[in-house]
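Visitor: Sharing a structure below in structure tokens format, with a few things to ask.
Please treat every number below as a calculation from the coordinates, not as lab data. In this text, all values refer to a predicted model and were calculated from it rather than measured experimentally. Here the Cβ positions follow ideal geometry from the backbone for every residue, glycine too, while neighbour counts run over all protein chains shown.
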Amino acid sequence: MKAILYTPIAQLVQMRIEASSRYKIENTKVMTIQLYDTYSRQKREFHPADKTRVTMYLCGPTVYSYAHIGNARPAVVYDVLYRLLRAEYGKDHVVYARNITDVDDKINAAAKAEGVTIDVITDKFTRIYREDTAALNVLKPDFEPTATGHMKEMIALVQRLIEAGNAYEAEGHVLFDVTSFDSYGALSRRRLKDMIAGARVEVAAYKRNPADFVLWKPADDNDPGWKSPWGRGRPGWHLECSAMIEAVLGTRIDIHAGGQDLIFPHHENERAQSMCSHDGKRLANYWLHNGFLDMDSEKMSKSLGNVKLIHELLKDWHGEVLRFALLSAHYRAPLDWTGSLLEQAKTTLDRYYGTLRRLGDVKAAKVPAPASFMAALHDDLNTPQALAKLSTLSTLANKAEKESEKAQLKGEMLAAGALLGLFEVEPEVWFKSDKGLGDKDLDAEAIDKLVAARVQARKDKDWGEADRIRDVLSEMNIVIEDKDGHSIWRRN
Ligand code: AMP
Ligand code: ZN
């Protein structure tokens, strides 16, 4: 009886709280971002070392082939973090680096198979990676360092590690001595004893200890190599990231991110190299790792042959549908990639774009995203919850009658969308898209409306808006001709 009486009241109170926080102007920030840090295995409040220069690094792709949608997961989820940090600390106060691994055995193999030099392969797949991620609305990072562009820094880092007694040369190789670093294994919570016994480390005669890992190794005559004090050779993969982080961000960064598969050995080794070359100073204050994108409950990976390439998916689906699907699960949880996931993402986005199209004539209020939405993102990037809030906004916007309410809700939807990297196309273009989205044919009435809005903008001498509308129309293959004060349009 009690429950029956009290539940509606509790709901009412909750609704009141939601409603009041939604309209609250959020210039007084009370929320602090919480991030789950792999090193301490807990959610911690995020406080950057320097609020005017928040630094973040993500291990980027190895560019030897097309990236799959599993590779897109880190690019997209940490893009949301980048957007959130920029909103919180200011655009110019966040520095994000995502590297390009352009030295790797797989690249050598791909170049050999095609009979070309490695730069032909790496240039091609770097370009494709950039195009693919741009189609998913991933912002360009501030730095995109390459391994080949940082050979000098890598060699210098190896030299420092040798001088400090953390590395040694053996048969043209330089190896990191894991016993020289007390905290080796602390990130992945592995004990050295177990690692030595484990099968994951490569045993070689020249290693002092089977768990020692390669910093530099000799290059075969037919393979690309760089001159070094230890002969012609090439860097180990882990070394590449340590050197690039130092070169573009500095000796200590706020956030280091990557997929869960990188915790060991890649990040453990990066941490060992960087800390030993910087007097034991911590490399990253927060270590973030995303869960796997799976196919039939197995990690999507090239070696298992169960991949869906971004490049291919983009032929059938709009980039925002893929992005929405990637954000539908919490970034640390596994995400099963299925056809119905994509269908659902598309249907939901169609609904939101439908709302925005209905509010086409409403001038969006310049407001921040609602507090409840922000709270979800602040809570270790809870994107599923943030998307649920977006759904509520869309429903409210559909029901709104007062102009002021429509303007407010439209503004809130756009602000929330901007943080998630959604609604980057005009609703008219969305529904015009040939990617199986919504109604295929944009009717003449909608075009007339846009043309009229452009005429009005020109009358108001709002040239920026007039140009924007012209661009929207030209994306839709509509050409406008201005004659004697009139604008007429035709399909191109
Ligand atoms: P790779 O090119 O394999 O080094 O991967 C590039 C990035 O994608 C790394 O951060 C990986 O952890 C991540 N990654 C690779 N496969 C998956 C997957 N199936 N799910 C989520 N992340 C992945
Ligand atoms: Zn890395």
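Visitor: Cα-Cα pairs above 27 Å in the stretch 307-437: how many percent? Can you show the working numbers first?
Guide: Numbers: 1611 of 8515 pairs.
Across the stretch 307-437, Cα pairs with separations above 27 Å total 19 percent.
Visitor: Can you give the % of DSSP beta bridges in the chain that are antiparallel, to the nearest 5?
Guide: Values: 24 of 44 bridges.
Bridges in the chain are about 55 percent antiparallel.
Visitor: Could you go through the stretch 401-410 in sequence order and give the Karplus-derived ³J(HN,Hα) for each residue, using 6.51 cos²θ - 1.76 cosθ + 1.60 with θ = phi - 60°, rounded to whole Hz, and x for Gly and Pro?
Guide: My calculation for the stretch 401-410 gives 10, 6, 4, 5, 5, 4, 5, 4, 5, 5 Hz in order.
Visitor: Give me the one-decimal nm value for the distance between modelled label points at Q385 and Q159, 7 Å along each residue's Cα-to-Cβ direction.
Guide: Once both label points are built, they end up 5.1 nm from each other.
Visitor: So how much slack lies between K402 and A205, counting 0.36 nm per residue of separation and subtracting their Cα-Cα distance, in nm?
Guide: Details: separation 197, 0.36 × 197 = 70.92 nm, distance 7.75 nm.
In short, 63.2 nm is gained.
Visitor: Now for a different question. Post the alpha-carbon centroid distance, the stretch 309-332 to the stretch 101-144, in whole angstrom.
Guide: 20 Å
Visitor: Using modelled backbone amide H atoms (1.01 Å from N, in-plane), which distant-in-sequence or interchain residues come within less than 5 Å of A257's amide H?
Guide: Y57, L58, C59, L288
Visitor: Taking neighbour counts of Cβ atoms within 10 Å as a proxy for exposure, in what order, fewest first, do K91, K124 appear? Walk me through the numbers before you get to the answer.
Guide: Numbers: K91 9, K124 17.
Ranking K91, K124 by Cβ neighbours within 10 Å, fewest first, gives K91, K124.
Visitor: Please give the contour-minus-distance gain from R332 to D123: 0.36 nm per residue of separation, less the Cα-Cα distance, rounded to one decimal in nm.
Guide: Working: separation 209, 0.36 × 209 = 75.24 nm, distance 3.14 nm.
Fully extending the segment from R332 to D123 adds 72.1 nm.
Visitor: Can you give the extra length, in nm with one decimal, that the chain gains between K461 and H311 once fully stretched, where that is 0.36 nm per residue apart less the Cα-Cα distance? Could you put the intermediate results ahead of the total?
Guide: Numbers: separation 150, 0.36 × 150 = 54.00 nm, distance 4.14 nm.
The span from K461 to H311 would gain 49.9 nm if fully extended.
Visitor: To the nearest µm²/s, what D does Stokes-Einstein give for the stretch 238-380 at 37 °C and 0.692 mPa s, using the Kirkwood radius over alpha carbon pairs as Rh? Don't skip to the end; give the middle numbers.
Guide: Details: Rh = 18.6 Å.
Approximately 177 µm²/s, per Stokes-Einstein.
Visitor: Further, regarding this structure: Treat the count of other C-beta atoms within 10 Å as a stand-in for reagent exposure and order H278, H486, H267, H47 from fewest to most. Please list the in-between numbers first.
Guide: Working: H278 16, H486 9, H267 25, H47 12.
Final ranking by Cβ density, sparse to dense: H486, H47, H278, H267.
Visitor: For q values of 0.11 Å⁻¹, compute log₁₀ I(q)/I(0) with the Debye formula on a Cα-only model of the stretch 192-275, without solvent.
Guide: Debye curve over Cα of the stretch 192-275, log10 I(q)/I(0) at q = 0.11 Å⁻¹: -0.37.
Visitor: What list of ³J(HN,Hα) values in whole Hz, one per residue of the stretch 450-461 in order, does the Karplus curve 6.51 cos²θ - 1.76 cosθ + 1.60 (θ = phi - 60°) give from phi, with Gly and Pro shown as x?
Guide: Those phi angles translate into 5, 5, 5, 5, 6, 4, 4, 4, 5, 4, 7, 6 Hz.
Visitor: OK, next. Calculate the translational D of the stretch 125-169 in whole µm² s⁻¹ from Stokes-Einstein, where the hydrodynamic radius comes from the Kirkwood formula applied to all Cα pairs, the temperature is 4 °C and the viscosity 1.567 mPa s. All intermediate terms of the calculation are to be shown ahead of the outcome.
Guide: Numbers: Rh = 13.2 Å.
The estimated diffusion coefficient comes to 98 µm²/s.
Visitor: Among the listed pairs K363/K432; K217/K302; K106/K302; K227/K281; K193/K281; K315/K346, which have their C-alpha atoms separated by more than 18 angstrom in this model?
Guide: Working: K363/K432 22 Å; K217/K302 25 Å; K106/K302 12 Å; K227/K281 30 Å; K193/K281 25 Å; K315/K346 14 Å.
Table pairs above 18 Å Cα-Cα are K363/K432; K217/K302; K227/K281; K193/K281.
Visitor: With all distinct Cα pairs included, what does the Kirkwood hydrodynamic radius of the chain come out to in Å, to one decimal, could you say?
Guide: Hydrodynamic radius (Kirkwood, Cα pairs) of the chain is 25.3 Å.
Visitor: Could you list D37, D92, D462 in order of exposure, starting from the residue whose Cβ has the fewest other Cβ atoms within 10 Å?
Guide: Ranked by crowding around the Cβ, least crowded first: D92, D462, D37.
Visitor: Going through the stretch 303-401, which trypsin sites (Lys or Arg not before Pro) have at most 13 other Cβ atoms within 10 Å and a DSSP loop state? Mind dumping the intermediate values first?
Guide: Details: sites: K308, K315, R323, R332, K346, R351, R357, R358, K363, K366, K389, K399; in loops: K308, R332, K363, K366.
Passing both the DSSP loop test and the Cβ count: K363, K366.
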